[in-house]
Amino acid sequence: MTRIDFHTNIPDKLAYACRLARKAYASKARVVVLAEDAAQAEALNAALWTVSESDFIPHVLAGDPLANETPIIITADEGVPLPHHEMLVNLTRRTPALLSKFARVFEIISIDEDDAAAGRQRYVAYKKQNYPLTHFVAGQS
């Protein structure tokens, strides 16, 4: 069953997603990042090029000819074919349609109250479906 990790109280979802992608790549994991829309996907694509002066984080937008060979895929379109389903980083306010296809899902919830409310609704829905859940609150030890 899919394991779902909630990361809440995140001030900058894009920066956080970049750090998760870097950590996942370092551990040889394959990740799909689900953006809210095409603009956020493009912003994340640009941010991954500049996350660190010393790190290269190989990534492409879904549908790119190199997607099958690339460990980090960015998409805002859940209908596009994905080359792997190991980890999903959800930056949206909705439940991903392909949630159950992934071994692990990271729900990234910002400090914005509307985003937090949507995250709480997803948490309750996942709990009712008996998904294994963990919760990490940024800024707390």
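We did not get these values from a lab; they are worked out from the coordinates using the rules stated. On a predicted model such as this, the values are computed, not experimentally measured, just so you know. A quick note on method: Cβ atoms are made from the backbone with ideal geometry, for glycine too, and the neighbour counts reach across all protein chains shown.
Output the strands (runs of 3 or more DSSP E) that fall wholly within the stretch 57-141 and possess 2 or more residues being within 15 Å of the chain's Cα centre (by Cα) and surrounded by 14 or more Cβ atoms within 10 Å (Cβ to Cβ), or say none.
Per the criteria, 59-61, 72-75, 87-90, 104-110.
Across the stretch 13-55, which residue is surrounded by the most Cβ atoms within 10 Å (Cβ to Cβ) among those that are acidic (Asp, Glu) and in contact (Cβ under 8 Å) with a residue 24 or more places away in the chain?
Residue satisfying both the conditions and the ranking: Glu36.
Could you please tell me which pairs satisfy a Cβ distance under 6 Å, a separation of 6+ or placement on different chains, a first residue in the stretch 93-118 that is within 18 Å of Val137 (Cα to Cα), and a second residue that is aromatic (Phe, Trp, Tyr) and not in a helix (DSSP H, G or I)?
The qualifying pairs are Glu107/Phe6.
Just for the stretch 57-113: of the residues that are in contact with a strand residue (DSSP E or B) (Cβ under 6 Å, 6 or more places away or on another chain) and of a type in the set (Gly, Ala, Ser), which one is nearest to Thr8 (Cα to Cα)?
It comes out as Ser110.
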